[in-house]
Each structure stands twice: as structure tokens, then as C-alpha cells.
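Visitor: Just passing along the structure, written as C-alpha cells.
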Amino acid sequence: MNRTLSFSILTALIVFLIGPFLIIVAASLSAGDTLAFPPQGLSLRWIVKVFTVESFRDSFIMSMILAVGGTFVALLLGVPAAYALSRYKLPFGEAVSTVVTLPIIVPGIIVGLALLRYLVVPFSFSIGVALFLAHTALVLPYTVRVVSSSFNNLRSDMEEAAVLLGATRLGAFFMVVLPNIRAGILAAFILGFVTSFNQVPVSLFLSGPGVRTLPIDMLSYMETTYDPSVAALSALLALMSIGIIFLAERFLGFSRYV
Amino acid sequence: MFQNRAEALALALPAAVFATVIFLVPVVIVLAEGFRSPAGWTFSAYTNFFSEPLNRLVLVRTFKLGIAVTVVSAIIGYAAAFAIVNLSASGKGRMIGLISLPLMISPVARTYAWIVILGRTGIVNQALQAVGLSDEPIRLLFTETAVFIGLLQLFLPLMILSLISALENMPKDAILAARVLGANWFQVFWKVILPLTREGLVVGGTLVFTGSLTAYITPAILGGSKVLMLETLLFQRVTVANDFVSASVIAFILIAMCFAANLLLKRLATARNKR
């Protein structure tokens, strides 16, 4: 392929993929009252406003709890399961791995609806708890997959040696296996965090008074208001994601695991 | 390999039970709801659903947009992946980074940007009016085109990344050999590149197609109630009309399409391994 052609293709591609996002950042720095590009004057007023909107603060905290807590629980469930799947001849191993990775295939909106109808309503679960369970189920497949590949890349004779040398199975896991898959677990955590934090469909039906994730809050805010504060919030969130990815890449070589 | 079955079960059971109780069972009940009536099992929910012209329109539109986004992203994807694999190692790494970056950014933020671009006072309308192509703002938002553009931008990176890895695994001299033997570029693509990168195309295509079918955010923001897709229709049926039966039918259609796409993927992947 000739150089000019390939250069123009890639430039157009980057403009299409990244350009809209830069426009959002520019629009969020506007001094005007409505969302516009080019921005009408420069100011940080909308960036500042984001921090003063109470519902954004509450839903941000909610989303953080779901993303950190849900991923943590998903790891507590997923790491042992991944270990069993890679190290043991598990009866019904195929069925187990299908069931834990299924939430990746089934659209999230259906999971949210199902939990609302058959967990929240009949058993009077609180919506917050259902939301937490839904996010955990959603992240579980990612943790199992990423951690499984770490286990599969780690030779099993190391832990067998540890056991032969007198360690208990549990001791061998914590002293030999875990330190070696640390990076994989951290990668799974970051992937799970980003997935949960950005997730919309699962949370659509699972929102109620005081219980709302940040993306859902943004969606409902933009329906009623046409000021640049959602743009400002979007820009801030993207900076957060980019920061996390940058750190992960820097310290882990994150891209190897995804 | 360890042999202790009880140990293995104890490790795997919590996750399996959790996924079954929190996810599998409720979803199955939701799906069953569409086949139930006071008189017993029935397909009447489905016949009712399909007799409604709006529902048929939405189903066809969702399918059409899914196919269109997949095909266009495959075409752009091949061109882009080609340009990228021919770059120097560091250039390649940087491009892959730039293409993966949007995947980590909130889809709400990414979709919102199109409102600024396509809105009544957006860049496109400003430009059209400045050049004199149009006297008044054209409605670009809340059209199928807007949803198409939004979906394409959302899912294109997945296609490009799959095709890059497929092209990298392809023997480099295959193209050269075909050229030396007299094939033109069209034949090279059709007879050499396409068969050799089929697996990457299928992986990318499945991700893009199922992603587009089950998109909620893009049609919600860029389509509104004018351009409903299956997920926005499902949400509307439940919130506006409390119509859980239609919701169950839509859920079944969505799941069936996702499973079909994934099965196809598995079939094609194993067909390749057997050869």
C-alpha cells in the first residue's frame, strides 16, 4: 500500500475515533450557557459545576462502590473457579465455565429486568443490593477469563514441588501461585472496574430513589438540560480512564492481558 | 493436574451457584414469561408482537443497522489494519494504543459528542450553512444515519483490532506470491487475504454485530423515540406500558440472535482448527 494513501486512511480514522472526543473536551471549556463548538469563550465554570451537582456526586460514589466492590467480589468468586478449571479435572467443568461466562453474551438490559422482576419485587431485596449483585455477575466472566489465562500460563509443577516439599495445598497457593499471578489479577480488576463503571443497560431498570449509577444519571440529566456540564463530566471521566490505563500500562504492560 | 474432586468442586461451586442464582434462573424465568398464558403454554405473545407494525419495523431496523455497521466496519477495518501492520513497530504500537483508547472511555461520553457535532447548531450544520449548501439547519440527530455513525464509532476499534491480529498471523509472502503469479489486487484480496484472515473477520464481525444489536446508549441518545432499536423498544415497553410480555419476546429475540452469532463463531473457529 502506498505511503500517502495509508497515511490519509489512518489520519481519517483517528479523526473519526478521537476527534469527537476532543470536541467534547473543547465544548466543556466553554464560557457560554449552551453546549456548542467552537466554545463561546474559555472558562472552567462547567468543570467546577460538575463537582457542585449533588446527584452527580451521589451517583459517582454509587458507581465507585459498584465498580470496586463488585469487581472485588467477582474476583473472590472468580479466582478459585478459574483455579479449579485450570488445575483440576472438574466434573461438569464445561458446564461450570459456560455458566460463569454466560453473562458476557446475554444483553445486560435483560439481566437488569430479570433481577428487578424476580429478586427485587418478590423477595423485597433493596435495589442497591440487586444492582451490586448484577454488576458482580457482569464482571465475573471477565475475571474468570483473564485469571484463567494467567493460571494456564503458569506451570503447575512449581506448586506441585511446593506440596512435595511439605507445604499444604493452601500454603502453596498463597506462597507460590498467588505472587505469580498478581499482574493477571490486577489486570482483571482494572478490566472489571472499567466494565462495571461504564455499564448502562444492566443498571437501567435497577434505579430508584437515591440509587442510581453515574452513567444513568448523566443520561437523565442530558434529557432535560442542554448545558455543557455533561460534556465536562464526560471529559473528566475520560481523563480518569486514560489515567488508569496509562498507569496500568506503565507498571504492568496491561495490554498483554486483554 | 490434581485429582481431588471435592476440592475442585468446593473451589468452583461458589461462582457457579452465584451465576446460576443471580443470573441464569431469573433470565430463564423472564424468557419463559413470553410463552405463558393463564391457559398454559402458548405462542400468542409472539404472534401479537409480530402483528404490530412498529415492532416489525424496529426488528428490521435493528437487524439492518447491525448488518450495515458490521459490513462498513469490515471494509474500513481491512484498509486501516493493512495500513497499520505495514507501519514500523513503534508506529504500530502507538496506533494500536490510539485505537484501543476509546474502548476504555464511557460510551455515554463518546456518544454525547455526536450531539455537539450533529445537533441543530452543531458543526456539520454550521459548515453546511457557511458554505451555502443549506439555508436552514438540517435534522441530523434522531435519524438512522446518526445512530449508524454512533454505532460505527463505538464498535469500529473492535473490528480493527481483530483484523490486525489476523493480518499479522498471515504469512507475509502470500500476497507477494499471488502478485508475482499475476493476480490483480482484487483477486489478491478475494482469494488470498480474505480466506487467510477469515477467523479474525469472524471474531471482529461477531463482536460488532452483537454489540450493535444490543446497543442501548447509542439509539437512546442519537435516535430517541423516533429511531427505536430493540433495546430502546424493550425499555419503552416496560417503563411506558408495563408490558412485560413484549419485553420477554424482545429479550428472547436478542438472546437468540446473540447466541446464533456466537455459535457461528465457534463453528467457524473449530472448522479452521480441524483443517
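Visitor: Does A:Phe189 qualify as being surrounded by 18 or more Cβ atoms within 10 Å (Cβ to Cβ), more than 13 Å from chain B (Cβ to nearest Cβ) and modelled with pLDDT of 90 or more? So that I can check it myself, show each step before the final result.
Guide: Values: surrounded by 18 or more Cβ atoms within 10 Å (Cβ to Cβ): yes; more than 13 Å from chain B (Cβ to nearest Cβ): yes; modelled with pLDDT of 90 or more: yes.
When the stated conditions are applied, A:Phe189 passes them.
Visitor: Still on this structure, please answer the following. So, in region A:155-169, how many residues would count as being at pLDDT below 85 and of a type in the set (A, V, I, L, M)?
Guide: So the count comes out to 1.
Visitor: Follow-up question, since we're still on this one. Tally the residues that are surrounded by fewer than 16 Cβ atoms within 10 Å (Cβ to Cβ) and either more than 7 Å from chain A (Cβ to nearest Cβ) or not in a helix (DSSP H, G or I) (or both), restricting the search to region B:14-48.
Guide: Number satisfying all stated conditions: 16.
Visitor: Which of the residues spanning region A:103-117 are closer than 18 Å to B:Val17 by Cα and buried (at least 19 other Cβ atoms within 10 Å of the Cβ)?
Guide: Correct list: A:Pro103, A:Val106, A:Val111, A:Ala114, A:Leu115.
Visitor: Does region A:88-101 hold any residues that are at the interface with chain B (Cβ under 7 Å from one of its Cβ atoms) and either part of a loop (DSSP other than H, G, I, E, B) or modelled with pLDDT of 85 or more (or both), and which are they?
Guide: Quick first cut of region A:88-101, residues at the interface with chain B (Cβ under 7 Å from one of its Cβ atoms) only: A:88-91, A:96, A:99-100.
Matches in region A:88-101: A:Lys89, A:Leu90, A:Pro91, A:Val96, A:Val99, A:Val100.
Visitor: Follow-up question, since we're still on this one. Where residues in region B:190-233 are assigned to a helix (DSSP H, G or I) and either among the polar types (S, T, N, Q) or free of Cβ contacts under 8 Å to residues at least 12 places away in the same chain (or both), which of them is nearest to B:Cys258 (Cα to Cα)? It would help to see each step written out before you state the result.
Guide: First, pick out the residues of region B:190-233 that are assigned to a helix (DSSP H, G or I): B:190-196, B:198-213, B:217-223, B:230-233.
Right, trim to either among the polar types (S, T, N, Q) or free of Cβ contacts under 8 Å to residues at least 12 places away in the same chain (or both) and you get B:190, B:194-195, B:206, B:210, B:212, B:218, B:232.
On the way: B:Trp190: 28, B:Leu194: 24, B:Pro195: 24, B:Thr206: 9, B:Thr210: 6, B:Ser212: 11, B:Thr218: 18, B:Thr232: 17 Å.
Out of the qualifying residues, it is B:Thr210.
Visitor: Same structure, new question: Would you mind finding the one in A:Leu85, A:Leu75, A:Leu66, A:Leu90 that is in the same structural domain as A:Ile181 (by TED's automatic domain parsing), over 17 Å from A:Tyr142 (Cα atoms), surrounded by 19 or more Cβ atoms within 10 Å (Cβ to Cβ) and not small (Gly, Ala, Ser)?
Guide: Details: A:Leu85 fails: over 17 Å from A:Tyr142 (Cα atoms); A:Leu75 fails: over 17 Å from A:Tyr142 (Cα atoms); A:Leu66 fails: over 17 Å from A:Tyr142 (Cα atoms).
Among A:Leu85, A:Leu75, A:Leu66, A:Leu90, only A:Leu90 is in the same structural domain as A:Ile181 (by TED's automatic domain parsing), over 17 Å from A:Tyr142 (Cα atoms), surrounded by 19 or more Cβ atoms within 10 Å (Cβ to Cβ) and not small (Gly, Ala, Ser).
Visitor: In region B:211-229, which residues are more than 9 Å from chain A (Cβ to nearest Cβ), of a type outside the set (Lys, Arg) and farther than 16 Å from B:Tyr112 by Cα?
Guide: B:Gly211, B:Ser212, B:Ser225, B:Val227, B:Leu228, B:Met229, listed by residue number.
Visitor: How many of the residues making up region B:100-133 are part of a loop (DSSP other than H, G, I, E, B) and under 25 Å from B:Leu207 (Cα atoms)?
Guide: Quick first cut of region B:100-133, residues part of a loop (DSSP other than H, G, I, E, B) only: B:105-106, B:119-122, B:132-133.
Then keep just the ones that are under 25 Å from B:Leu207 (Cα atoms); that gives B:105-106.
Here the count works out to 2.
Visitor: Any residue at all in region B:100-118 that's free of Cβ contacts under 8 Å to residues at least 12 places away in the same chain, within 11 Å of chain A (Cβ to nearest Cβ) and not hydrophobic (A, V, I, L, M, F, W, C)? Steps first, please.
Guide: Step one: of region B:100-118, the residues free of Cβ contacts under 8 Å to residues at least 12 places away in the same chain are B:101, B:104-106, B:109, B:113, B:116-117.
Imposing the further condition that a residue be within 11 Å of chain A (Cβ to nearest Cβ) reduces the set to B:101, B:104-106, B:109, B:113, B:116-117.
Subset that is not hydrophobic (A, V, I, L, M, F, W, C): B:106.
Within region B:100-118 (the criterion being free of Cβ contacts under 8 Å to residues at least 12 places away in the same chain, within 11 Å of chain A (Cβ to nearest Cβ) and not hydrophobic (A, V, I, L, M, F, W, C)), the answer is yes, since at least one residue qualifies.
Visitor: In this structure, does B:Ala166 turn out to be buried (at least 18 other Cβ atoms within 10 Å of the Cβ) and either more than 14 Å from chain A (Cβ to nearest Cβ) or in contact (Cβ under 8 Å) with a residue 60 or more places away in the chain (or both)? Steps first, please.
Guide: Details: buried (at least 18 other Cβ atoms within 10 Å of the Cβ): yes; either more than 14 Å from chain A (Cβ to nearest Cβ) or in contact (Cβ under 8 Å) with a residue 60 or more places away in the chain (or both): yes.
Criteria met by B:Ala166.
Visitor: Which one of B:Val85, B:Val58, B:Val71 is in contact (Cβ under 8 Å) with a residue 12 or more places away in the chain and within 19 Å of the chain's Cα centre (by Cα)? Steps first, answer last, please.
Guide: Working: B:Val85 fails: within 19 Å of the chain's Cα centre (by Cα); B:Val71 fails: in contact (Cβ under 8 Å) with a residue 12 or more places away in the chain.
Going through B:Val85, B:Val58, B:Val71 in turn, just one is in contact (Cβ under 8 Å) with a residue 12 or more places away in the chain and within 19 Å of the chain's Cα centre (by Cα): B:Val58.
Visitor: I've got another one for you. Being among the aromatic types (Phe, Trp, Tyr) and under 19 Å from the mean Cα position of the chain (by Cα) is the filter; apply it to region A:49-81 and report the residue that is farthest from A:Val144 (Cα to Cα). Walk me through it before giving the result.
Guide: Narrowing region A:49-81 to residues among the aromatic types (Phe, Trp, Tyr): A:51, A:56, A:60, A:72.
Among the residues that remain, those that are also under 19 Å from the mean Cα position of the chain (by Cα) are: A:56, A:60, A:72.
On the way: A:Phe56: 32, A:Phe60: 27, A:Phe72: 12 Å.
Only one residue fits best here, namely A:Phe56.
Visitor: Related question: Residue check: is A:Leu164 surrounded by fewer than 23 Cβ atoms within 10 Å (Cβ to Cβ), touching a residue at least 24 places away in the same chain (Cβ under 8 Å), more than 9 Å from chain B (Cβ to nearest Cβ) and not charged (D, E, K, R)?
Guide: Numbers: surrounded by fewer than 23 Cβ atoms within 10 Å (Cβ to Cβ): yes; touching a residue at least 24 places away in the same chain (Cβ under 8 Å): no; more than 9 Å from chain B (Cβ to nearest Cβ): yes; not charged (D, E, K, R): yes.
Criteria not met by A:Leu164.
Visitor: Is one or more of the residues making up region A:2-12 within 11 Å of chain B (Cβ to nearest Cβ) and at pLDDT below 85?
Guide: Yes, region A:2-12 has at least one match.
Visitor: Scan region A:41-58 and give yes if some residue there is within 14 Å of another protein chain (Cβ to nearest Cβ), surrounded by 12 or more Cβ atoms within 10 Å (Cβ to Cβ) and at pLDDT 90 or above, otherwise no.
Guide: Checking region A:41-58: at least one residue is within 14 Å of another protein chain (Cβ to nearest Cβ), surrounded by 12 or more Cβ atoms within 10 Å (Cβ to Cβ) and at pLDDT 90 or above.
Visitor: Collect the residues in region A:102-119 that are part of a helix (DSSP H, G or I) and either more than 10 Å from every other protein chain (Cβ to nearest Cβ) or in contact with a Ser or Thr (Cβ under 7 Å, 6 or more places away or on another chain) (or both), keeping them in residue-number order. Step through it out loud before you land on a result.
Guide: Kept after step one, since they are part of a helix (DSSP H, G or I), are these residues of region A:102-119: A:102-104, A:108-119.
Selection gives A:Gly112 alone.
Visitor: Residue check: is B:Leu101 at pLDDT 95 or above, closer than 30 Å to A:Leu233 by Cα and in contact with a Ser or Thr (Cβ under 9 Å, 6 or more places away or on another chain)?
Guide: Working: at pLDDT 95 or above: no; closer than 30 Å to A:Leu233 by Cα: yes; in contact with a Ser or Thr (Cβ under 9 Å, 6 or more places away or on another chain): yes.
Answer is no for this residue.
The values are calculated or read from the model by the stated rules, or taken from the named source; none is laboratory data. Everything numeric in this text was worked out from a predicted model, so none of it was measured. Every residue, glycine among them, receives a Cβ derived from its backbone with ideal geometry; neighbour counts consider all protein chains shown.
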